[in-house]
Amino acid sequence: MSPAEERFWMAYMFEDQSSAYHIPITFRLTGHLDVAALEGALSTVLTRHDILRTRYLIDADGELTAVVDDPRSCELVVVPAGDDPQALLDAATEAPFDLETGPLLRPLLLRAATGEHYLHFTVHHIVTDGWSIGNLINELTLVYNARVSGGQPDLPELTMQYRDHALQQRARAGELAGEVAFWRQALSGAPRELGLRTDHPRRSHVKVPGRSVMITFPKQAALDIARRSKSTVFMVLLAAYSVVLGRRAGHTDVVVGTPIAGRRDPVTEPLMGCFINTLVMRTDLSGDPTFKELLLRVRQWTLQAYENQDVPFEQIVDAVIERTGTRSTLIQAWLALQNFPDPALDLVGLDAEDVYVTTPATKFDVTFYVDELDDVMELEVEYDSSLFDEGTIRDLADEFAGILTTAVRGLDQRLSELTSSRPRALS
């Protein structure tokens with residue numbers, strides 16, 4: 001078992017079937033769909049990747065064990081779309097998984113009007129990540145198109161399976177003492193609570209209700225700041241996010257989680273499975289620095305975090321603090337710049353359009369997902385709706401965009417001088 005698999009198994013046991021770990025992938029297909037070719041493509045992909053056919057159970061010795069099933073264990077379900085396909089898609093996404101019986105990838109095809117279908121997958125996070133979803137879409141495209149045209153798909157060679165990766169991680173565990181020591185020192189004295197002021201009192205519950213809001217704003221400010229400060233776009237976003245969280249909490253020591261791909265070995269790039277690890281980003285806002293000075297602090301921390309990225313997050317938490325259940329009190333805010341490979345579903349004879357489907361649950365108090373589009377940044381803010389009202393979260397998103405807009409006018413402005421005026425709304 002990999003540390004990531006163990007992490008999600010514990011979350012599954014502790015959070016009572018929270019759909020926060022369900023990942024929906026949905027496309028509206030218009031045109032002529034060859035259902036047999038699609039079923040064949042899905043079977044080929046499942047055969048290639050053992051992790052997509054994996055389920056998890058406790059064996060006779062009390063050990064958590066990964067079991068790989070036959071490809072036929074995960075078949076495409078085809079049903080009429082009815083009058084409300086969105087309701088069916090939502091229900092499919094929210095339906096509980098059983099990690100012991102599987103399958104952990106559920107493919108669904110809704111038949112709508114003539115020449116119109118909805119292709120939907122719900123995947124449990126224990127067997128996938130964002131990069132893997134890109135691989136899934138890419139391979140389905142290659143195999144489907146080859147089957148329709150009577151050719152052979154040009155699929156990337158797999159020299160290992162996810163289980164080999166898990167074994168390698170276990171074998172390397174003893175080599176990470178230096179990285180563990182870095183995190184123990186770097187996170188000494190880190191705050192255990194983010195401290196955001198909430199609209200409603202925090203309640204104890206195993207299922208954390210989640211909603212999301214979305215805004216777009218011009219991305220040129222972030223690009224200009226990154227260029228002028230010799231930083232990356234991620235560093236710029238992290239600095240702005242930390243400023244907003246620090247202001248809202250009244251703190252100068254802000255801790256944020258962020259994912260890292262965990263695929264430093266190129267042979268893992270075509271594999272599917274959960275490779276991501278969580279890095280802890282600690283930002284020091286003390287002393288009212290200029291935004292340029294803050295970026296230097298963020299840059300130094302980020303580069304050191306990347307150098308010590310191989311320690312599983314659970315090991316970092318265990319080295320730094322005691323945990324309560326599976327939700328670490330070290331991280332309540334999350335920032336993800338979605339820059340993993342994102343191939344399009346490009347099936348012969350079909351137009352494919354992404355359909356937005358989400359889950360009514362979340363893992364953190366506040367999560368920022370940022371996508372770089374052609375001329376804008378798209379920001380989706382997922383939040384704990386038992387703590388925050390929608391208006392509060394929209395203000396938070398606007399303040400984040402506003403910090404970037406004002407900072408670009410002069411990086412020598414001190415944080416106290418940065419206003420958070422919202423740029424002209426694009427959505």
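Table for the structure above
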| quantity | calculated |
| --- | --- |
| Three principal axis lengths of region 251-312 [C-alpha, angstrom, descending] | 45, 19, 16 |
| Taking the chain and dividing mean pair separation by its residue count, relative contact order in percent (alpha carbons under 8 Å, at least six apart) | 24 |
| DSSP bridge pairs, the chain: antiparallel proportion in percent, nearest 5 | 85 |
| Crossing angle, helix 220-229 versus the chain [Cα axis fit, 0-90 degrees, rounded to tens] | 60 |
| Listed candidates [x] 155; [y] 143; [z] 128 - label of the one calculated as volume of the Cα convex hull per residue in Å³ | [x] |
| Size of charge dipole - region 153-270 - debye, nearest 20, with Cβ of Lys, Arg +1 and Asp, Glu -1, no other charges | 660 |
| Estimated inter-spin distance, ALA319 and SER416, nm [label 7 Å along Cα→Cβ] | 3.7 |
| Range in the chain, longest, excluding exposed GluC sites (Glu not before Pro) [loop by DSSP; at most 13 other beta-carbon atoms within 10 Å] | 194-321 |
| Choice from ILE393, ILE225, ILE58 with maximal GNM fluctuation in the chain (Cα, 10 Å cutoff) | ILE58 |
| Inter-label distance for GLN304 and THR198, nm, one decimal - labels placed 7 Å from Cα along Cα-to-Cβ | 3.1 |
| Degrees, to the nearest 10: 177-186 long Cα axis against longest axis of the chain | 40 |
| Label point distance in nm, VAL267-GLU175, each placed 7 Å from Cα along Cα→Cβ | 1.3 |
| Length-normalised contact order for region 83-211 - Cα pairs under 8 Å, 6+ apart - percent | 11 |
| Sulfur and carbon atoms: percent of accessible area, region 1-150 [1.4 Å] | 52 |
| Crossing angle, helix 3-14 versus the chain [Cα axis fit, 0-90 degrees, rounded to tens] | 90 |
| Full-extension gain in nm, ASP164 to ARG228, via 0.36 nm per residue minus C-alpha separation | 18.8 nm |
| Per residue accessible area in Å² of the chain, where ligands, DNA and RNA are left out and the probe is 1.4 Å | 44 |
| Translational diffusion of region 136-185, µm² s⁻¹ [Kirkwood Rh, Cα pairs; Stokes-Einstein; 4 °C; 1.567 mPa s] | 90 |
| With every protein chain in place, region 242-342: carbon and sulfur % of accessible area (1.4 Å) | 47 |
| Distance cut-off 25 Å, percentage of C-alpha pairs in region 119-237 lying past it | 66 |
| Additional length obtainable on full extension of the chain from ASP34 to ASP61, 0.36 nm per residue less Cα span | 5.1 nm |
| Total charge dipole magnitude, the chain, about the Cα centre, Cβ charges on Lys, Arg, Asp, Glu only, Debye to nearest 20 | 1260 |
| Options THR47, LEU33, PRO103, ranked by Cα towards positive dipole end of region 1-118, top entry (Cβ charges) | LEU33 |
| Compactness relative to 2.2 N^0.38 Å, alpha carbon Rg of region 209-355 | 1.22 |
| For the chain, with +1 on Lys and Arg beta carbons and -1 on Asp and Glu, the positive-most of GLY134, LEU245, ALA397 along the dipole | LEU245 |
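The values are calculated or read from the model by the stated rules, or taken from the named source; none is laboratory data. Because the structure is a prediction, the values reported are computed rather than measured. Methodologically, a virtual Cβ is constructed for each residue, glycine included, from the backbone with ideal geometry; neighbour enumeration extends over all protein chains shown. We work out accessible area using only protein heavy atoms, side chains counted, and drop any ligands, DNA or RNA first. Shrake-Rupley method; radii C 1.70, N 1.55, O 1.52, S 1.80 Å.
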